[in-house]
Amino acid sequence: MDDKLKANRENWDERVPLHAASSFYDVEGFKAGRMTLDSLETGELGDVTGKTLLHLQCHFGLGTLSWARLGAIATGMDFSAKGIALARKLAEELNLPAKFICSDLYDLPNQLDERFDIVFTSYGVLTWLPDLKGWARVVARFLKPGGTFFIAEIHPFAMTLLDEEVTELRFHYPYFQKGSMRFDDLGSYATERTDTRNNTTYEWMYPLGEVVTALIEAGLRVETLREFPQCCYQMLPFMVQGEDGFWYLPENRDALPFTFTIKATLPE
Ligand SMILES: C[S@@+](CC[C@H](N)C(=O)[O-])C[C@H]1O[C@@H](n2cnc3c(N)ncnc32)[C@H](O)[C@@H]1O
């Protein structure tokens, strides 16, 4: 694993206990039955009862365990050993039949020899990946012929606006950013804590066209590509929460895209 991914993994390992204690992830609410998947994540997959589902980059498993609660035979994977250990602990405590694998995404084909009805991934995943085409090949590798891939992700256009301090809409990053960007931010989106030590991360930005093209080149057939003005979290400090729980721009809420979803299938 290269140094950038090692730095990212140390950062995510440190985030796990902070996130597990945060109101953002609300683990106690989850234990009491709260689902963490929102309507954009679940909407297009329909009834998953009895279907095998691989969840890529599952963090500490709340999404994967939510799929298990919905009846899927779920497997979660993530490269954070702390995240996977906590996911396994939660699965055992809640008696949910999900499996978890600790692996770098690109090494998963060496760790897992299985194909799934559904490969799923969501929110804040692509930015951590140095090789988008390699990611798409991993997706294709784990789908059964006729299987479905689904992603719900922060829209890359919205990523150009991202800055925790902003008071108005302003471009910060180019949409067509090449190569990695280094950040040294304290804490994370889910915690007020700033006493973190592994703060250096490396992230990548992928225009929407590159994401779709990578999936097509990996052999998938794209069925739907949708864009939405709502965001799963308060990405900009002046966004306001709607009655549906999503976050919107305060005025002219339909002005810009904050989320996209893609549904694709692997031809038989
Ligand atoms: C923002 S989380 C996404 C999970 C989900 N949306 C959530 O909020 O629980 C990103 C996840 O990607 C994982 N990750 C980053 N790079 C990875 C890699 N190369 N291989 C596997 N997992 C990776 C991190 O450990 C983290 O758990």
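Have a look at 170, 141, 193, 197 and point out the one that is free of Cβ contacts under 8 Å to residues at least 40 places away in the same chain, over 26 Å from residue 224 (Cα atoms) and open to solvent by 10 Å² or more (accessible area, probe 1.4 Å).
Result: 170 is the single residue among 170, 141, 193, 197 that is free of Cβ contacts under 8 Å to residues at least 40 places away in the same chain, over 26 Å from residue 224 (Cα atoms) and open to solvent by 10 Å² or more (accessible area, probe 1.4 Å).
Going by what's in this entry, would residue 236 be described as over 30 Å from residue 144 (Cβ atoms) and in contact with a Leu (Cβ under 9 Å, 6 or more places away or on another chain)? Answer is yes for this residue. Has the stretch 58-77 got any residue that is touching a residue at least 60 places away in the same chain (Cβ under 8 Å), under 19 Å from the mean Cα position of the chain (by Cα) and closer than 20 Å to residue 154 by Cβ? Scanning the stretch 58-77 turns up no residue that is touching a residue at least 60 places away in the same chain (Cβ under 8 Å), under 19 Å from the mean Cα position of the chain (by Cα) and closer than 20 Å to residue 154 by Cβ.
On inspection, residue 268 does not qualify as more than 22 Å from residue 212 (Cβ to Cβ) and surrounded by fewer than 11 Cβ atoms within 10 Å (Cβ to Cβ). Counting only residues that are within 10 Å of the ligand (Cβ to nearest atom), crowded, with 17+ Cβ neighbours inside 10 Å and not in a helix (DSSP H, G or I), the stretch 118-129 holds 5 of them.
The values are calculated or read from the model by the stated rules, or taken from the named source; none is laboratory data. It should be emphasised that the depicted structure is a prediction, and the values quoted were computed from it without experimental measurement. Every residue, glycine among them, receives a Cβ derived from its backbone with ideal geometry; neighbour counts consider all protein chains shown. Note: accessible area is taken over every heavy atom of the protein model, side chains too, but ligands, DNA and RNA are not part of it. Shrake-Rupley method; radii C 1.70, N 1.55, O 1.52, S 1.80 Å.
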